[in-house]
Amino acid sequence: MGPEEQYQAHLAEGDIKLQRCDNCHATIFYPRVLCPDCGSTDLEWQTISGHGEVYSTTTTRRRPDRGGDFNISLVELSEGPRLLSHVENIEPDRVEIGMKVQARISGGEEEGYRLVFDPMEGADHG
Amino acid sequence: MGESLRAQTAIAGIGLSEFGEVAGWSHLELMAQSVVRALDDCGLKKSDIDGVFAMIEPTSLPVPAVCEYLRLQPKVMEGTMLGGSSFVNFLQWAALSITAGLCEVALITYGSNARSSKVRPGGFAAIPYETEYGARLVTSYALAAARHMHEYGTTREHLAEVAVAARGWAQKNPKAFVQDPLTIEDALSARMISDPLGLNDCCLITDGAGAVIMVSAERAINLPQQPTYLLGVAAEHSHQQIAQMADLTVTAAARSGPRAFEMAGISPKDVDVLELYDAFTINTLLFLEDLGFCKKGEGGPFLSGGRIAPGGDLPVNTNGGGLSCMHPGMYGIFTIIEAVEQLRGAAGDRQVANANIAIAHGNGGTLSIQVTSVLGGPDTV
């Protein structure tokens, strides 16, 4: 199983794990064969906090009959890497840069698992 | 090392197909029309072409498709897919091939009927970790714009200035596809596409094709058109998918620009006219900063008050750009063609006075690849 399938397998079991480089200690996303920073292949799967912060955000406009507007954000995980995702369970245009968010596993066996984010409990959503 | 390419080669011929909405024409037919016009322009024959640098959409093997259609048997074939920056990148490889003696007459060409065929542009397959979230091309640019606003206080009015300036130039270009008047208020009140980008922040989708013929500087002098010399060129990349772009407010143009300028032996103050790939309004703002025309973060105020519009201090996208002139899937080659028109003094009502040095800057992917070229007229050699 290559790194991407291993990542998926962890998500299928409910574990959010990313690779961490034993050499330079970078946490890596998306999963890779080598550390994109230092080139080391000594990578270990580690469970991450799932905590992150919105780095940038956009409301994608979509016709109501096709599901209406939705959010796309870049989320920077507290472990370092950034990923593109949705912030859900909040009106799309209320998502703001700097907002604290929490990862959640979405999707399924058929279409693949993926991370989405919810506003962090107790955080101020303005 | 790098200066060895400076002014070794020149653009001898340019050709534009009919463009805008050209129903009933395939992308290959538009390409061929632009090649015929480029050959007429420089007085060379089809049989003189011995190097082909091509990308057309939608075709999985663009170079053989072009060579077969035109029945060419070139000695050099190049079709590296760097999105819309491919064509400015081809300048580098055509110049190298000619300078090394691998070929003598290089054709760079592109064609697309993106508007009529409804085949959407870019040559992008699904991008892992992006497409599954409903991300589209505009998404990445919107995220870059939102971050720039957050860090530097850039506003939608600043972006609207870019759209209005492009429209102003388009109104001076009889061939530009969209010529209707556009005000800042119009742009601000237009339908939103992906916040903070609205309809007028996004490029057109048109049909069209372009061709450029490049030869050695010595040969160009004996051809009918005034040569446009390639003074400098450099390519840089930063990412494929937007989540991997280290800083969404700084593109790889911050690296390609200085390298191209160094090869050309110029600095931004020497540039008379800029053709910047404006897929979205934020592009123009980012590239002005990254190429060193103003400081990082000051692009919005810098370009405001009509500075890059007709009559402003700094002429940018003088054909109307991808925003108002044409954008058939990928726009890169048209930055080169408009720069040549300006340097020849052949741009009609939109001509920039005494244009001697121009930048043609290509953008590819989602701000992913940046290729800067510096082009010069006869006074630069």
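Quick note: the coordinates plus some simple rules give every number you see, no bench work behind them. Source: prediction; values computed, not measured. Every residue, glycine among them, receives a Cβ derived from its backbone with ideal geometry; neighbour counts consider all protein chains shown.
The range B:147-291: D in µm²/s via Stokes-Einstein (Kirkwood Rh, Cα pairs, 4 °C, 1.567 mPa s)?
72
What residues qualify as long-range amide H neighbours of A:SER40, i.e. H under 5 Å apart, gap of 5 or more or another chain, H built at 1.01 Å from N?
Close amide H contacts, sequence-distant or interchain: A:CYS35.
Quick check: the distance between the Cα centres of the range B:315-362 and the range A:71-126, to the nearest angstrom?
42
Estimate the FRET efficiency between B:ASP379 and B:GLU262 by the formula 1/(1 + (r/R0)^6), using the beta-carbon distance for r and 22 Å for R0, to the nearest 0.05.
E(calc), rounded to 0.05, equals 0.65.
What Kirkwood radius, in Å to one decimal, follows from the Cα pairs of the range A:1-48?
10.6
To make sure I understand the rule: partners must be lysines, Cα under 17 Å from the Cα of B:LYS46, and not fewer than 8 residues away in the same chain. Which ones qualify?
List returned: B:LYS75.
For the protein assembly as shown, with the dipole built from +1 on Lys and Arg beta-carbon atoms and -1 on Asp and Glu ones, taken about the Cα centre, which of A:ILE97, B:VAL381, B:ALA23 lies farthest toward the positive end?
It is B:VAL381, whose Cα lies furthest towards the positive end.
Taking each pair of different alpha-carbon atoms in chain B once, compute 1/r for the pair, average those values, and report the inverse of that mean as the Kirkwood hydrodynamic radius in Å to one decimal.
About 20.2 Å for chain B.
Under 12 Å Cα-Cα from B:LYS269, which aspartates and glutamates qualify once same-chain neighbours fewer than 8 residues away are excluded?
Of all the aspartates and glutamates, those that pass the test against B:LYS269 - Cα under 12 Å, at least 8 places apart if same chain - are B:ASP313.
Collect residues whose amide H, placed 1.01 Å from N in the peptide plane, falls under 5 Å from the amide H of A:ALA26; neighbours closer than 5 in sequence don't count.
Under 5 Å from the amide H of A:ALA26: A:CYS21.
Which one, B:THR281, B:VAL105, B:GLY321, is farthest towards the positive end of the dipole of chain B when Lys and Arg carry +1 and Asp and Glu -1 on their Cβ?
Going by the charge dipole, the pick is B:VAL105.
Can you give the net charge of the other residues whose Cβ lies under 15 Å from the Cβ of B:LEU61, counting K and R as +1 and D and E as -1?
Net charge around B:LEU61: -3.
With point charges of +1 on the Cβ of Lys and Arg and -1 on the Cβ of Asp and Glu, referenced to the Cα centre of the protein assembly as shown, which listed residue (B:PRO268, B:PRO196, B:VAL215) lies farthest in the positive direction of the dipole?
Result: B:VAL215, furthest along the dipole toward the positive end.
Under a point-charge model restricted to the Cβ atoms of Lys and Arg (+1) and Asp and Glu (-1), what is the dipole moment magnitude of the protein assembly as shown relative to its Cα centre, in debye to the nearest 20?
1200
Once you have a ≥ b ≥ c as the square roots of the Cα gyration tensor eigenvalues for the range A:49-121, tell me rounded if a/c is under 1.5, and otherwise prolate or oblate according to whether a/b is larger than b/c.
Since a/c reaches 1.5 but b/c is at least a/b, the shape of the range A:49-121 is classed as oblate.
For the range A:1-48, what does the relative contact order come out to in percent, with C-alpha contacts under 8 Å and a separation of six or more?
37
Within 10 Å of each residue's Cβ, count the other Cβ atoms and sort B:THR183, B:THR9 from fewest upward.
B:THR183, B:THR9
Please report the antiparallel percentage of DSSP beta bridges with both residues in chain B, rounded to the nearest 5.
Bridges in chain B are about 70 percent antiparallel.
For the modelled label position 7 Å from the Cα of A:ARG94 along Cα-to-Cβ, which residues of the range A:53-69 have backbone nitrogen atoms closer than 18 Å?
Inside the label zone: A:54, A:57-60, A:68-69.
Kindly list the residues of the range B:332-349 that lie in the label zone of B:GLN179, defined by a backbone N under 15 Å from the point 7 Å along the Cα-to-C-beta vector.
B:348-349
Hey, got the Cα dimensions of the protein assembly as shown along the principal axes, in Å, largest first?
73, 51, 46
Tell me the mean residue ellipticity at 222 nm calculated for chain A from its helices only (DSSP H runs of n ≥ 4, each -39500 (n - 2.57), averaged over every residue, nearest 500).
-2500 deg cm²/dmol
Under a cut-off of 30 Å between alpha-carbon atoms, report the lysines in cross-link reach of A:LYS17, not counting same-chain residues fewer than 8 places apart.
Reachable lysines: A:LYS100.
Using a simple spin-label model with points 7 Å from Cα along the Cα→Cβ vector, what separation in nm is obtained for A:TRP45 and B:ALA23?
The modelled label-to-label distance comes out at 5.6 nm.
Based on Cβ point charges of +1 for Lys and Arg and -1 for Asp and Glu, what charge dipole magnitude is obtained for chain B about its Cα centre, in debye rounded to the nearest 20?
With only Lys, Arg, Asp and Glu charged at Cβ, the dipole is about 300 debye.
A 30 angstrom limit on the alpha carbon distance is what I want to check against. Which of B:LYS118/B:LYS172; B:LYS45/B:LYS172; B:LYS118/B:LYS295 exceed it?
The pairs that break the limit, which is 30 Å between Cα atoms, are B:LYS45/B:LYS172; B:LYS118/B:LYS295.
Please state the charge dipole magnitude for the range A:49-121, taken about the Cα centre, from unit charges on C-beta atoms (+1 on K and R, -1 on D and E), reported in debye and rounded to the nearest 20.
240
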